[in-house]
Structures are given as structure tokens and as C-alpha cells.
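Okay, structure first, notes after.
Taken together, the values in this text are just the output of simple stated rules run on the coordinates, not laboratory data. Because the structure is predicted, anything quoted here is derived from the model rather than measured. Note that each Cβ is placed from the backbone with ideal geometry, even for glycine, and that neighbours are counted across all protein chains shown.
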Amino acid sequence: MSEPFWRTKALEEMNPSEWEALCDGCGRCCLNKLEDYDTGEIAWTNVACTLLDHGTCRCRNYERRTEVVPDCVPLTPETVRALTWLPATCGYRLVREGRDLFWWHPLKSGDPATVHEAGISVRGRVVSEDDVGVEAYEEHIVGWPDEE
């Protein structure tokens, strides 16, 4: 039995379907983050992008997301290697770090619902940025997005 692609391929070597499958569907990367100007420290909020479907934890307009949300950061091998804020549970980050995926990742479990069942996704824990003014983001800081 051969090793799964995420254990044998670098991020740059993955084909488009493998790349997309590496996303666990947690929605954590779609949360707004605050960066301390002086220290660079990232504070996570429970304020989700306007395009995040709070039930499925997937983008409602994935193909046009950067047109609708100009500050959306599409994940590419280059951005995954550069970003410091990817959650500790993120499949892209785990592969970047040479680690294996967690048991609940759909590629391991065979079921896209396990990310929700394991309590990793943002389902039931977020509010839309449409309902929260930027000036109130500090009131929505949470710690759980970066926990394993």
C-alpha cells in the first residue's frame, strides 16, 4: 500500500484536486484576525468573512472570493509558506511542517463531517462581519482558532 499524497508530496507538487482536498473545511482561516502593529502578534476573532457559510464552513463564492472580498488571502504553496497565522490544525500548515493530518481530517476519516464532529470547525461559534463593525472586533477576540 502506497503512502497518501500529503505524506509524499511537497505543497508545490500537488495537483489542483489534491490541493483542494487538503483543506479540511474548518473555516478557521476565514476568521478575521487582528495584528498588533508593534509586536506582530495575531489575535483571532470569532468574526467570519461575509462569504463564509456558517453551516458548511465553506466559502459561498469560492471562485470569485477575491473579487467580492479584495483582502481575501488565497492559499497557495507560496502563501502557506509565508503566513504565520494558519491555525495549528490546518492541513496545509501540517504538510508544510512535515506533520501528518489529524484523525478527523476528511482525507483520513473519509467523511467531511468529522471536522465538525471533532469540534475543530467554526460551525456554531462565529458571527458574520456583516453584523459587527470593525471597531468592535476587539470584543470578539477568542483563543480557540489556534488550538489543536
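Extension gain, ARG99-ASP38: 0.36 nm per intervening residue step, less the Cα-Cα distance, totals 18.8 nm. Computed over the Cα atoms of the range 5-62, the ratio of the radius of gyration to the Kirkwood radius (Rg/Rh) comes to 1.09.
In terms of overall dimensions, the chain has a Cα radius of gyration and Dmax of 15.4, 53 angstrom. A dipole drawn for the range 1-137 from +1 and -1 charges on Cβ atoms has a positive end, and of LEU31, VAL127, GLY91 the residue lying farthest that way is GLY91.
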